[in-house]
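Worksheet: one structure, shown below.
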Amino acid sequence: MPNSMIFDAPYYKEFLHGVESISADDAVSLERITSLNPDLILTYQEDAYDNLSKIAPTILIPYGKYDYKERLLEIGKLLNQEAEAQQRLKQFQLFSGHHRARASIEHAYGILS
C-alpha cells in the first residue's frame, strides 16, 4: 500500500497521530529519515538497507518471510516487547474474529448496514 494511501485513509488517522511520513511519491527519503535522528530503523526494503544502515542501526525484515502474526512477534522480540506483541496479536484476533462473524451473519441473512 503506498504511503500516501495509508496517511490519507480515515481508518489509520487515530493510529498515526504524531507519526511523520518518511517518503515522497512512494520513495523513501533518506534526508527525511536522517532529519528524524532515529535510534533504530526497521525496513522491508533490501535495496535500501545499506543506505539506511548509514543513518542508524537497521534491521532488515525480509518481505514475505513472515506472515503478519510472525512479523509482529518477531518485531516484539527484537524490541524486547514480546508480551506486548502477544497482547496486540490477541486484541487483533478478537477484533477481526468479531468482524468476520458479523460479516458472515450479515451475508447469510442478506443484512446490509
Requested in this report: Residue by residue through segment 21-56, note down the ones that are out of contact with any strand residue (DSSP E or B) (no Cβ under 8 Å at 6 or more places or on another chain) and open to solvent by 100 Å² or more (accessible area, probe 1.4 Å).
Outcome: 25, 31, 37, 39, 47, 50, 54
Query raised in the report: When residues of segment 57-78 are filtered for being surrounded by 13 or more Cβ atoms within 10 Å (Cβ to Cβ), without any contact (Cβ under 8 Å) to a residue 24 or more places away in the chain and either in contact with a Lys or Arg (Cβ under 7 Å, 6 or more places away or on another chain) or closer than 24 Å to residue 34 by Cβ (or both), how many remain?
Result: 5
Query - Filter pass, residue 16 being at pLDDT 85 or above and either touching a strand residue (DSSP E or B) at 6+ places or on another chain (Cβ under 7 Å) or open to solvent by less than 70 Å² (accessible area, probe 1.4 Å) (or both) - result: no
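When the residues of segment 85-113 are filtered to those that are open to solvent by less than 80 Å² (accessible area, probe 1.4 Å) and at pLDDT 90 or above, which remaining residue is nearest to residue 43 (Cα to Cα)?
Taking segment 85-113 and keeping what is open to solvent by less than 80 Å² (accessible area, probe 1.4 Å), we get 85, 89, 93, 96-97, 99, 101, 103-104, 106, 108, 110.
From the residues that got through so far, the ones that are at pLDDT 90 or above too are 85, 89.
Details: 85: 18, 89: 20 Å.
Across segment 85-113, the extreme among qualifying residues is 85.
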Query raised in the report: If residue 11 passes every condition in (1) of a type in the set (Ser, Thr, Tyr); (2) farther than 22 Å from residue 72 by Cβ; (3) at pLDDT below 90 but one, which one does it miss?
Result: (2)
Query raised in the report: Applying the selection to segment 63-80, what residues are in contact with a helix residue (DSSP H, G or I) (Cβ under 7 Å, 6 or more places away or on another chain) and in a loop (DSSP other than H, G, I, E, B)?
Result: 66
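The values are calculated or read from the model by the stated rules, or taken from the named source; none is laboratory data. The shown structure was predicted, so the numbers you read here are calculated from the model rather than taken from an experiment. Glycine also receives a Cβ, built like all others from the backbone with ideal geometry; neighbour counts cover every protein chain displayed. Keep in mind that these areas ignore ligands, DNA and RNA; they rest on the heavy atoms of the full protein, side chains included. Shrake-Rupley method; radii C 1.70, N 1.55, O 1.52, S 1.80 Å.
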